[in-house]
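Student: One structure is given below, represented as structure tokens, and several questions about it will come after.
The values are calculated or read from the model by the stated rules, or taken from the named source; none is laboratory data. These numbers were taken from a predicted model, which means no experiment stands behind them. When we count neighbours, we look across all protein chains shown, and the Cβ atoms used for this are built from the backbone with ideal geometry, even at glycine.
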């Protein structure tokens, strides 16, 4: 019973923190306080994390080589299941093209995603001020019909899943709209610099990835592009959220 009361108190406190962060950031308009904006982004991320118990999504991966981004050399569609208490698991729905490219290119991506999303690891990849130094850029930009604030971000440590680049957040609720830049660390000694892009949309009130793109070029493999499209989300909220 005490545990339940404490859990409820934490949820209320989290909601209060989220609203307070939004109000503080907006009060500073038109000269927004960068620190308040960073806190509002943190609050939006925490609100999402604390509200979602799990979800399923269909992910389509396509690998392109050289200058051709029309005809994939390998592809795979998976049904991804995320559970807050266990992380991610995958069920292959279909696949085609080069088995070698799937094994060397797509298998490692899915394995890294599994590792990143383990409960003990996932917090280290959140786009928050704990993981990134954030610098607010002047003005706003429109993306997908949404007014966005733009921040330059630099990770506080190097990792393949942490990006040096730019972050776009909704100017109203500070949820993530777009992330673009260069991986701060190569995933392997054979990989070159990787440029990454991820786009988000509001689905059931949560910022969820809809498209991702990664491009790298190496002496061994040449130019390689991986595109990921996300569809058919089914989101489960935590009780009381």
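Student: Please state which one of 233, 174 is farther than 29 Å from residue 67 by Cα, within 17 Å of the chain's Cα centre (by Cα), in a strand (DSSP E or B) and in contact (Cβ under 8 Å) with a residue 60 or more places away in the chain. If you could, list the steps in order and put the result at the bottom.
Tutor: Values: 174 fails: in a strand (DSSP E or B).
None of the others qualify; the one that does is 233.
Student: Sticking with this one: Exactly one of these conditions fails for residue 176: (1) surrounded by fewer than 18 Cβ atoms within 10 Å (Cβ to Cβ); (2) closer than 16 Å to residue 37 by Cβ. Give me its number.
Tutor: (1)
Student: Within the bounds of the stretch 195-207, is there any residue that is part of a loop (DSSP other than H, G, I, E, B), farther than 28 Å from residue 83 by Cβ and touching a residue at least 24 places away in the same chain (Cβ under 8 Å)?
Tutor: So in the stretch 195-207, the residues part of a loop (DSSP other than H, G, I, E, B) come out as 204-205.
Add one more test, that the residue is farther than 28 Å from residue 83 by Cβ, and what stays is none.
No, the stretch 195-207 contains no residue that is part of a loop (DSSP other than H, G, I, E, B), farther than 28 Å from residue 83 by Cβ and touching a residue at least 24 places away in the same chain (Cβ under 8 Å).
Student: Here's another thing I want to ask about it. Going by what's in this entry, would residue 184 be described as farther than 24 Å from residue 32 by Cα and more than 18 Å from the chain's Cα centre (by Cα)? Walk me through how you get there before you give the answer.
Tutor: Details: farther than 24 Å from residue 32 by Cα: yes; more than 18 Å from the chain's Cα centre (by Cα): no.
The answer is no for residue 184.
Student: Just the residues that are more than 17 Å from residue 106 (Cβ to Cβ), at pLDDT 95 or above and more than 11 Å from the chain's Cα centre (by Cα), please, taken from the stretch 205-222.
Tutor: Of everything in the stretch 205-222, just one residue is more than 17 Å from residue 106 (Cβ to Cβ), at pLDDT 95 or above and more than 11 Å from the chain's Cα centre (by Cα), namely 206.
Student: Residue 118 versus (1) over 27 Å from residue 89 (Cβ atoms); (2) exposed (fewer than 15 other Cβ atoms within 10 Å of the Cβ); (3) touching a strand residue (DSSP E or B) at 6+ places or on another chain (Cβ under 6 Å): which is the lone unmet condition?
Tutor: (1)
Student: Specify which of the listed residues (62, 38) is buried (at least 18 other Cβ atoms within 10 Å of the Cβ), assigned to a helix (DSSP H, G or I), touching a strand residue (DSSP E or B) at 6+ places or on another chain (Cβ under 8 Å) and at pLDDT 95 or above. Let's see the steps before the verdict.
Tutor: Numbers: 62 fails: assigned to a helix (DSSP H, G or I).
Being buried (at least 18 other Cβ atoms within 10 Å of the Cβ), assigned to a helix (DSSP H, G or I), touching a strand residue (DSSP E or B) at 6+ places or on another chain (Cβ under 8 Å) and at pLDDT 95 or above holds for just one of 62, 38, which is 38.
Student: Scan the stretch 47-59 residue by residue and report those that are part of a helix (DSSP H, G or I) and either under 18 Å from residue 232 (Cα atoms) or out of contact with any helix residue (DSSP H, G or I) (no Cβ under 6 Å at 6 or more places or on another chain) (or both). Even if it seems obvious, please write down each step before you answer.
Tutor: Looking only at the stretch 47-59, we keep the residues that are part of a helix (DSSP H, G or I), and these are 47-51.
Listed by number, the residues that qualify are 48, 49, 51.
Student: Okay, next question. Within the stretch 124-152, which residues are assigned to a loop (DSSP other than H, G, I, E, B) and over 12 Å from residue 39 (Cα atoms)?
Tutor: So in the stretch 124-152, the residues assigned to a loop (DSSP other than H, G, I, E, B) come out as 126-131, 137-140, 144-145.
Scanning the stretch 124-152 gives 126, 131, 137, 138, 139, 140, 144, 145.
Student: Can you tell me which of 129, 98 is surrounded by 15 or more Cβ atoms within 10 Å (Cβ to Cβ) and closer than 20 Å to residue 44 by Cα? Working first, answer last.
Tutor: Working: 98 fails: closer than 20 Å to residue 44 by Cα.
Every option except 129 fails the conditions.
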